[in-house]
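Values quoted throughout were computed directly from the atomic coordinates according to the rules given, and no laboratory measurement underlies them. These numbers were taken from a predicted model, which means no experiment stands behind them. Counting neighbours? That spans all protein chains shown, and the Cβs are built from the backbone with ideal geometry, glycine included.
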Amino acid sequence: MRKEHWALVSLSLNLLQSALKFVAGLLTGSLSLLGESVHSLSDASASVIAYLSIKFSEKKHRKFPYGLYKLENIGAIVIAFFLILAAYEIGHRALSGNVSIEREYLPVGIGVVVFSLVSSLTLSFLERRAGKRLNSPTLIADSYHTLTDAFGSLLVLISLSAAYLGYNYDRYFALAVVGLILYTALGLLKEQVGAILDISADEETIERIREIILSFPEVEGVKRLLVRSAGGKLFIDAEILLRPGSFMRSHAIADEIERRIVREIDNVEMVFIHYEPAREEKLRIAVFSGDGEALCRDFSKVNKMFVFEERSGNPKVKEVKVSSEEEVAKLLVREGVDIVICGHHPESSRAKWILHRNGIFVWETDKENIYEALSEVSKLRLDGSKKE
């Protein structure tokens with residue numbers, strides 16, 4: 001079943017229990033049973049809140065591009081306040097006036113309470129399991145609310161059983177119900193307010209995400225890892241240090257880390273991976289030339305290779321005496337080149353594989369002069385850095 005279906009089941013059961021307890025409470029005169037009737041009615045109201053918050057929490061709008069996922073946390077907080085209201089009602093009745101029990105109708109009251117106890121325990125178990133499977137804080141909160149109702153029913157059952165034996169402890173059992181409800185309500189408030197304020201995910205989840213990031217050999221360390229939990233969803237913001245290598249692969253590595261986190265961690269809504277080099281590195285750009293300063297159009301006709309290094313002076317010029325495109329590709333690897341500027345990609349599949357495996361990017365250009373081609377690449381990199 002979907003989350004909203006569970007909320008409707010809870011609503012129906014709570015309405016039925018409230019009506020039965022109210023009638024039985026009037027017949028027996030049991031304060032604890034009347035208090036439980038009010039409690040069940042508050043459960044029903046809370047189930048309405050749960051249904052509405054679940055129904056609309058997945059909706060997205062232009063003004064709410066991230067969705068209304070926190071509605072579930074708000075719904076759980078409202079449920080907690082209903083619990084406090086029920087506790088006040090029971091406590092007020094227990095501390096004022098005399099409590100008398102009509103023994104004639106005690107079997108009816110006991111039968112109603114047994115039904116309520118069994119049905120509440122069953123629903124609480126099933127609803128909590130569904131809430132964990134569907135990762136719904138509202139369903140989990142409502143399951144604890146239903147469990148509180150079951151405990152309350154157990155206390156009332158003990159009270160009515162004692163009354164059946166001639167001992168009227170109904171007032172004290174009613175106060176015990178109050179304590180139980182308040183304990184649950186305060187626990188829910190603490191948990192859900194933390195979620196509204198973007199509390200961090202649990203340490204186990206954070207550590208698992210860190211392990212996934214560090215499993216990549218290119219990652220030297222995790223500089224920052226922020227994981228917040230809200231509305232049953234995880235939002236991850238990480239800053240990692242990448243080992244020196246091809247700058248062309250850095251973005252691809254970050255993308256793969258994001259995809260793996262989404263695959264292996266449940267309920268991840270967003271992942272942002274920011275990366276920077278672990279140590280300062282210089283980009284090396286090689287430009288092939290044929291004659292003079294004319295840019296070479298073909299890998300197999302290279303005479304010279306100009307290697308430009310960022311933040312350095314004059315380029316390193318190397319005479320190229322090779323007999324195949326594969327040898328040119330291997331030369332680029334030995335020189336630690338990141339980008340090679342040429343008229344065309346190599347035709348050799350083997351040469352292409354060598355370049356790809358080592359993360360060397362081939363920049364095709366129609367420029368004739370090697371310095372004009374270099375300026376073209378440098379301008380594009382500068383514009384890309386500004387956009388980032």
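Things worth noting here:
- Of the peptides 108-119, 363-374, the ranking by mean beta-carbon count within 10 Å, highest at the top, reads 108-119, 363-374.
- For region 203-277, relative contact order (Cα pairs under 8 Å, six or more residues apart, normalised by length) works out to 33 percent.
- When region 164-207 is described by a simple charge dipole with +1 on each Lys and Arg Cβ and -1 on each Asp and Glu Cβ, the residue from 164, 192, 174 located farthest towards its positive end is 164.
- Residues with amide H under 5 Å from that of residue 223, placed H, sequence gap 5 or more: 239, 240, 241
- Each of 40, 229 was scored by other Cβ atoms within 10 Å of its Cβ. Listed from fewest to most, they are 229, 40.
- Residue order, fewest to most surrounding Cβ atoms within 10 angstrom, among 186, 160: 186, 160
- Region 80-161: GluC sites (Glu not before Pro) in DSSP coil with no more than 14 other Cβ atoms inside 10 Å: 102
- Long pairs among 316/367; 132/223; 223/330, criterion Cα-Cα beyond 30 Å: 132/223; 223/330
- Cα shape, region 203-277, gyration tensor, a/c 1.5 rule: prolate
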